[in-house]
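The values are calculated or read from the model by the stated rules, or taken from the named source; none is laboratory data. Please read all numbers here as calculations on a predicted model, not as lab measurements. Cβ coordinates were reconstructed from backbone atoms using ideal geometry, including for glycine residues, and neighbour counts include every protein chain displayed.
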Amino acid sequence: MRVRMLTAVVASIAALGAPLLVTSPAAAAVATPAAAVTLPVAIEDMPSYQPQSFCDPVNKPGPVAFGALLTTTYPDTSVVDISRSCTSESGTSEHKDGRALDWGANYKNAQQVKEVNAVFAWLFATDAAGNKYAMLRRLGIMYIIWNKRIWGTWSQSWQPYSCSGVTACHQDHVHFSFDWAGAKKRTSFWTGTVGAPVPVPNYVYANAKFAQVLSVGARSKGVTTPFSVRAGVSYRFTVTGTYHSSKTAMADAECNSSDSRSWKALAAGDATSGTGLLDLWVGTHRSWRPTVATGGGCNATGHSYSRTLTFPTTGPLRLSIDDATRGDDSGSLKVTVQRI
């Protein structure tokens, strides 16, 4: 599943296949999930969009509990997955921080389509107090993707979803993404009380089982990591790629070339900044080591560099390309951070 909510291309509605919502008596007869607690009169606000920013592929309790509720209510369906690896797909996906549920139901299975429609009708229904989308709000669901369409709290309507293939088009499963309150199971559907919204956690990355991946744009003044590194812990930084530092000149993490052929290394060491040299800084550190040396401290073939760093304090990092004039730059560098 590739989550491309904000870049979904408007397509012909006639090409979207089966309708998403069925309001016939047959659909109404299908069972719907039930809360295990007494729901209060008060209710959560519509969940705001909290996109995945760091990688923590550990199943969060909210999606786990909701998946169990769905499969108990509809035994012919399944939980496909919740968390996925940091490199499983490009772009932003709440699977990478364990906040997305893929519920297995097939658009060609008539019974499962009825069950999906029944869940949607239940989630979107107005409750006795006049609250629209009551169950969706009580669960902290930010958006849903099913059968070539996406419903998001930002639009509160079904929109076309640009995709190709049965799985990518979510025709063999329904995707639910949760805000952090829903992910942590701190909503009234589970607790019986309305709690305060949960902000994005201050995540300290210390799990050696997976890496964090960042992109540093050539025009950006700098990128602050959406996670913190832990004091005294060693991390391997690997940076790949090239970017244009002007219309003709190119650079990577450590070397540059005016003609894209003759690459030369920049001054080594971490002592000074503001030299105008076009290399990548991680906090106060630079001087990358080429993973494959092709001469002069450069990796002119693969443009891949690495170094291991340990930091004295716990906190986020600032990554920036050392270029005082970025207006004519283009491209970006990919930075992978791996605890070792």
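Among the residues of the stretch 180-197, the ones that are over 17 Å from the mean Cα position of the chain (by Cα) and either more than 19 Å from L69 (Cα to Cα) or of a type outside the set (G, A, S) (or both) come to 11 in all. Considered as a group, the residues in the stretch 35-53 that are within 13 Å of R99 (Cα to Cα) and modelled with pLDDT of 95 or more include one that is surrounded by the fewest Cβ atoms within 10 Å (Cβ to Cβ), and that residue is Y49.
If the condition is being surrounded by fewer than 19 Cβ atoms within 10 Å (Cβ to Cβ), in a strand (DSSP E or B) and not polar (S, T, N, Q), then the stretch 323-338 contributes G331, K334.
If the requirement is being surrounded by fewer than 20 Cβ atoms within 10 Å (Cβ to Cβ), β-branched (V, I, T), within 26 Å of S53 (Cα to Cα) and in contact with a helix residue (DSSP H, G or I) (Cβ under 9 Å, 6 or more places away or on another chain), which of these qualifies: V223, V204, V198, V233? None of the others qualify; the one that does is V198. In the stretch 143-157 there is no residue that is part of a helix (DSSP H, G or I) and either charged (D, E, K, R) or out of contact with any strand residue (DSSP E or B) (no Cβ under 6 Å at 6 or more places or on another chain) (or both).
Within the stretch 222-229, the presence of a residue that is without any contact (Cβ under 8 Å) to a residue 24 or more places away in the chain and within 25 Å of G140 (Cα to Cα) is excluded. All conditions but one from (1) modelled with pLDDT of 90 or more; (2) assigned to a loop (DSSP other than H, G, I, E, B); (3) within 15 Å of L319 (Cα to Cα) apply to L309; the one that does not is (2). With respect to the stated conditions, G140 is touching a residue at least 24 places away in the same chain (Cβ under 8 Å) and either touching a Cys at 6+ places or on another chain (Cβ under 6 Å) or closer than 17 Å to A35 by Cα (or both).
Yes/no matrix, rows are residues, columns are (1) in contact with a strand residue (DSSP E or B) (Cβ under 6 Å, 6 or more places away or on another chain); (2) hydroxyl-bearing (S, T, Y); (3) outside any loop (DSSP other than H, G, I, E, B):
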site	(1), (2), (3)
P40	no, no, no
M46	no, no, no
S53	no, yes, no
V64	no, no, yes
